[in-house]
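Everything below concerns the one structure shown next.
The values are calculated or read from the model by the stated rules, or taken from the named source; none is laboratory data. The shown structure was predicted, so the numbers you read here are calculated from the model rather than taken from an experiment. Virtual Cβ from ideal backbone geometry, glycine too; neighbours counted across all protein chains shown. These accessible areas exclude ligands, DNA and RNA; they are computed on the full protein's heavy atoms, side chains included. Shrake-Rupley method; radii C 1.70, N 1.55, O 1.52, S 1.80 Å.
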Amino acid sequence: MNNKKEILKFPKNFLWGTSTSAYQIEGGITNDWSEWEKKRVESKKFLSSGKIADDFLCGKACDSYNRYSEDLALVKELGCGAFRLGIEWARIEPREDEYDQKEIEHYKKVLIEAREKGIQTVVTLWHWTNPLWLRDKGGWTNPEAIKHFSRYTLKIVEELGQYIDYWITLNEPLVHVLNGYLINKFPPQKKCPREAIKVFNNLYKAHNEAYKIIHKIFPYTNVSITHLVNYYEPARKWNPIEFFMAKAMHYLANDRFLKKIKNYLDFIGVDYYFHDRIVCYPPFRKNLNIETNDMGWEIYPRGIYHVLLKLNKYSLPIIVMENGIPDRRDKKRQWFIPAHLKYVHKAIEKGVNVKGYFYWSLLDNFEWAAGFDPKFGLYEVDRKTFERKARPSARMYSKICKNNQIEI
Ligand code: IFM
């Protein structure tokens, strides 16, 4: 048996990080999601399901609003050079056109502390959640949302821009369109293609406006979105229908939004989780599922390589902003991370300009409609005391970040 280890080195200055979002970790936020969760757990269907309400209410989340210093210390302990965190719009602008200076000061403290610890900041402005006043105006179906988002962006640029290294205007906009307006999974739980198209259009326009606003004041900064990019392949390569369907899926889910914003991107932020083998009969997808995670999603590391290669045509630097696994027992994560990184490395060798990799997520957090059950964290979080505890995979990831290499 050949036990020789292969060492794959990453380029100098490769950016290692972890990703989080405001709503999923901070706690104490009132927005369209928190209100939707309350209604959901009070519904008859939920009450009769035997589920525990607390697991589906974000509530105090990981209490990161108060424990941000501790979290930044963990990022430092991991040896990550960067941290992705979110700003919660509902905190900054709780009522239309009224800003909460205290909350702005809070985020200033967080960002300054990150900088002092030598951590670069990647800041998401919108991660699916809306202030209640925007929800009441129809959320992103309303074209006025573009104007509101621009005004909020300008406020952040003026107040906090100097502490931000990378900007993510929107997180996974198509996930909001799909789950919120087509398949009924996320608020506002509509099934309305006409509204979905409106939301799609307003989101890409809002990004383009925000890009211009940020660049007007910080011409040399880095602005992007985080885009969920799935790898679609025909289950049978010789089958022209499946081949065409996989191509169509790639266009609709991956390319179409990027094409709308391609002139307003300094890099592409990619989130990779999913692979689909497309078949030409219902349910149109037949994955082999040789390995799956706690949420039943197939684990398919090779897909990240194909995704990166496909995105290369935009001739922009790419940062993997999210890649992660819900793995409560931490059995698969130590394999999952290097397995994906091996393919990121291969893409770099093929000439793709990949500048960084961020693991999702630093902490176990509130996984939206699935509640607190899925455990994506490098660190476990005690749901009562909020104590953070490193999983073995945190130590493994730390070694990768610190040595800038993986051992296969
Ligand atoms: O938790 C989410 C995150 O908010 C957006 N990207 C996917 C993650 C895992 O589902």
Listed residues ARG91, ARG194 arranged by accessible area, highest first, probe 1.4 Å: ARG194, ARG91
Between the stretch 1-59 and the stretch 174-203, what's the alpha-carbon centroid distance in Å? 21
What is the dipole size for the stretch 185-330, taken about its Cα centre, with +1 at each Lys and Arg Cβ and -1 at each Asp and Glu Cβ, in debye to the nearest 20? 680
So how strong a dipole does the chain carry about its Cα centre when Lys and Arg Cβ are +1 and Asp and Glu Cβ are -1, to the nearest 20 debye? 1440
Using amide H atoms built 1.01 Å from N in the peptide plane, name the residues 5+ places from TRP167, or on other chains, whose amide H lies under 5 Å from its own. VAL123, ASN222, VAL223, SER224
Which value, in Å² rounded to 10, gives the accessible area of HIS127 with a 1.4 Å probe and all protein chains present? 20
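Suppose a student asked you for the relative contact order of the stretch 93-156, using Cα pairs under 8 Å spaced at least 6 residues apart; what percent would you report?
Values: 20 pairs, mean separation 23.1, N = 64.
This gives 36 percent for the stretch 93-156.
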Just the number please: accessible area per residue for the chain, 1.4 Å probe, all protein chains included, in Å². 44
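Test of the criteria: in the stretch 276-306, which trypsin sites (Lys or Arg not before Pro) are in a DSSP loop and have at most 15 other Cβ atoms within 10 angstrom of their Cβ? Can you show the working numbers first?
Details: sites: ARG277, ARG285, LYS286, ARG302; in loops: LYS286.
Those that pass, being in a loop and sparsely packed, are LYS286.
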P(r) tail for the chain, what percent of Cα pairs lie past 32 Å? 33
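Suppose every Lys and Arg Cβ carries +1 and every Asp and Glu Cβ carries -1, with no other charges. What dipole size does the stretch 274-360 come out with about its Cα centre, to the nearest 20 debye? Intermediate results must be reported in sequence, preceding the final value.
Values: 15 positive and 8 negative charges, 40 e Å.
Dipole of the stretch 274-360, to the nearest 20 debye: 200 debye.
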Return the whole-Å distance between the Cα centroid of the stretch 379-399 and the Cα centroid of the stretch 215-285. 32
Compute from the Cα atoms of the stretch 20-135 the Rg and the Dmax, the latter being the longest Cα-Cα distance, and quote both in angstrom. 16.0, 50
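Which of rounded, prolate or oblate describes the stretch 287-408 when judged by the alpha-carbon gyration tensor and an a/c cut-off of 1.5?
On the way: a/c = 1.93, a/b = 1.60, b/c = 1.21.
The shape class here is prolate.
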Of TRP128, PHE274, LEU309, whose Cα points farthest to the positive end of the dipole of the chain (charges on the beta-carbon: +1 Lys, Arg; -1 Asp, Glu; origin at the Cα centre)? LEU309
